[in-house]
Amino acid sequence: MPTGYVFDDIFTQHNFPGHPENANRLITTMEYLSGSQLLPRLNAVPSRPATVEELARCHHVRYIQLVEETCRNGGGMLDPDTYTNAYSYDAAVRAAGGLVDLAAAVVEGKLNNGFALVRPPGHHAMPARAMGFCLFGTVAVAARAARFDLGLERVAVIDFDVHHGNGTQDILDEDPTVLFVSSHQYPYYPGTGALNEMGQGQARGAIVNIPLSPGTGDDSFKRLYGEVVFPIVRRFQPELILVSAGFDAHWDDPLANIGLSLTGYHWLCQSLVDLAAELCQGRIVFTLEGGYNLSVLAPGVGNVFRVLLADAEVDDPIGASPWPEPDVTGLLADLKRVHQL
């Protein structure tokens, strides 16, 4: 079965020149995929607007209306970091709807796996407000759609963006049917994601936060994911894995200080694909979140597609982090204790 992707020109029309989260992120990425001959090997899944019903499983209806009205009136800032223009609402709802349909195609066996190349990103969007460049919780919307519309009982969301996925967590905080795992620099924007944030009520333990010190790189990620994340996901037994794929945990990203290399990212994505093959018939779908060094972002996305296509090649023109890694032994012990591993 083929690998699918979602892309639409509307995602480049949501734009604010000079802002870190601008249209060049996707333009450069699509040029890379075309130039490396990856794009012709992929199956395009059309974007379509998510319905209000789909969005309202994660967001207050009045907030959805506010974003639409703001954009219909030409746009404006929804918080100090989050811009909109006349195209932003259409881009955001098509990002969510496109991901919902891509995930459905994978679950229904029409595609093997996929990657939604969408903007604006989503994992900071709160139920009733925009935050951190994000308008709607794209991955959370897709997780809920998989649960309610596709009949899945358990969905896992893995977020390796360098910033904590606070919006996704807030949406899913009381939902025991969706496992949310976030590895992120801490303390750092948005200030959430401490180890003891584990979910509420019956969902206690379905939120897993891995707070990382600056410089945490390839070797530490292998230990943390291998000894903590993968065992927790195996215990949960998801029927679908959704990945919030942020490439700003690379050591050369301008907005953060985590030390992954593109080779480290490749290992992480290959390991997640292998885990999906082991647990849920290979059902895994990636979604673009952050990543603000275009020389990292484009090959990083390309490497994910290579993994999804079962290619062995890794494109890493920048190389390993020059920083020493902090010792994560204590963090590993705390995570194993808290999550009873």
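Results for (1) modelled with pLDDT under 95; (2) within 25 Å of TYR189 (Cβ to Cβ); (3) touching a strand residue (DSSP E or B) at 6+ places or on another chain (Cβ under 6 Å), shown as yes or no for each residue.
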{"residue": "VAL67", "(1), (2), (3)": "no, yes, no"}
{"residue": "CYS71", "(1), (2), (3)": "no, yes, yes"}
{"residue": "GLY74", "(1), (2), (3)": "no, no, no"}
{"residue": "ASP90", "(1), (2), (3)": "no, no, no"}
{"residue": "GLY98", "(1), (2), (3)": "no, no, yes"}
{"residue": "ASP101", "(1), (2), (3)": "no, no, no"}
{"residue": "VAL107", "(1), (2), (3)": "no, no, no"}
{"residue": "LEU111", "(1), (2), (3)": "no, no, yes"}
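Quick check: is even one residue across the range 262-285 more than 27 Å from LEU111 (Cα to Cα) and surrounded by 16 or more Cβ atoms within 10 Å (Cβ to Cβ)? Among the residues of the range 262-285, not one is more than 27 Å from LEU111 (Cα to Cα) and surrounded by 16 or more Cβ atoms within 10 Å (Cβ to Cβ), which makes the answer no. If we scan the range 148-163, do we find a residue that is hydrophobic (A, V, I, L, M, F, W, C) and closer than 20 Å to LEU26 by Cβ? Yes, the range 148-163 contains at least one residue that is hydrophobic (A, V, I, L, M, F, W, C) and closer than 20 Å to LEU26 by Cβ.
Residue by residue, here is whether (1) surrounded by fewer than 20 Cβ atoms within 10 Å (Cβ to Cβ); (2) closer than 20 Å to LEU268 by Cβ; (3) modelled with pLDDT under 95 holds:
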site: THR168; (1), (2), (3): no, yes, no
site: THR177; (1), (2), (3): yes, no, no
site: PRO187; (1), (2), (3): yes, no, no
site: VAL208; (1), (2), (3): no, yes, no
site: SER213; (1), (2), (3): yes, yes, no
site: GLY217; (1), (2), (3): no, yes, no
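Out of the residues in the range 263-300 that are part of a helix (DSSP H, G or I) and in contact with a Gly (Cβ under 7 Å, 6 or more places away or on another chain), which is nearest to ASP315 (Cα to Cα)?
Pass one, the range 263-300, residues part of a helix (DSSP H, G or I): 263-279, 294-300.
Then keep just the ones that are in contact with a Gly (Cβ under 7 Å, 6 or more places away or on another chain); that gives 264-265, 276, 297, 300.
Working: GLY264: 11, TYR265: 11, ALA276: 23, LEU297: 11, GLY300: 8 Å.
Top of the filtered list is GLY300.
Among the residues of the range 292-332 satisfying the criterion of being acidic (Asp, Glu) and surrounded by 15 or more Cβ atoms within 10 Å (Cβ to Cβ), which is farthest from the chain's Cα centre (by Cα)? Restricting to residues being acidic (Asp, Glu) and surrounded by 15 or more Cβ atoms within 10 Å (Cβ to Cβ), the top hit is GLU325. Within the range 301-341, being touching a residue at least 60 places away in the same chain (Cβ under 8 Å), touching a Phe, Trp or Tyr at 6+ places or on another chain (Cβ under 7 Å) and either among the small types (Gly, Ala, Ser) or under 18 Å from ASP218 (Cβ atoms) (or both) holds for GLY302, VAL304, SER321, TRP323.
Count of the range 187-231 residues, restricted to those that are more than 21 Å from PRO326 (Cα to Cα) and in contact with a strand residue (DSSP E or B) (Cβ under 6 Å, 6 or more places away or on another chain), is 5. Residues of the range 119-145 being crowded, with 24+ Cβ neighbours inside 10 Å and either acidic (Asp, Glu) or part of a helix (DSSP H, G or I) (or both), which ones? Answer for the range 119-145, where residues must be crowded, with 24+ Cβ neighbours inside 10 Å and either acidic (Asp, Glu) or part of a helix (DSSP H, G or I) (or both): THR138, VAL139, ALA140, VAL141, ALA142, ALA143, ALA145. Filtered by the rule that a residue be assigned to a helix (DSSP H, G or I) and either buried (at least 16 other Cβ atoms within 10 Å of the Cβ) or in contact with a helix residue (DSSP H, G or I) (Cβ under 7 Å, 6 or more places away or on another chain) (or both), the range 189-206 gives a lone residue, ALA203. Pairs linking a residue in the range 266-278 that is under 17 Å from ARG235 (Cβ atoms) to a residue that is of a type in the set (Phe, Trp, Tyr) and in a helix (DSSP H, G or I), with Cβ atoms under 8 Å and 6 or more positions apart or on different chains, are SER271/TYR225; SER271/PHE230; LEU275/PHE230.
The one condition from (1) surrounded by fewer than 24 Cβ atoms within 10 Å (Cβ to Cβ); (2) not in a helix (DSSP H, G or I) that PHE247 does not meet is (1).
Any chance you could count how many residues in the range 207-236 are over 13 Å from VAL328 (Cβ atoms), part of a helix (DSSP H, G or I) and touching a residue at least 40 places away in the same chain (Cβ under 8 Å)? Spell out how you get there, then give the answer.
To start, the set of residues in the range 207-236 that are over 13 Å from VAL328 (Cβ atoms) comprises 207-209, 230-236.
In the following step, the residues that additionally are part of a helix (DSSP H, G or I) were identified as 230-236.
Then keep just the ones that are touching a residue at least 40 places away in the same chain (Cβ under 8 Å); that gives 230-234, 236.
So the count comes out to 6.
The values are calculated or read from the model by the stated rules, or taken from the named source; none is laboratory data. From a predicted model like this one, the values you see are computed outputs, not experimental measurements. All Cβ positions, even for glycine, are placed from backbone atoms using ideal geometry, and neighbour counts span all protein chains on display.
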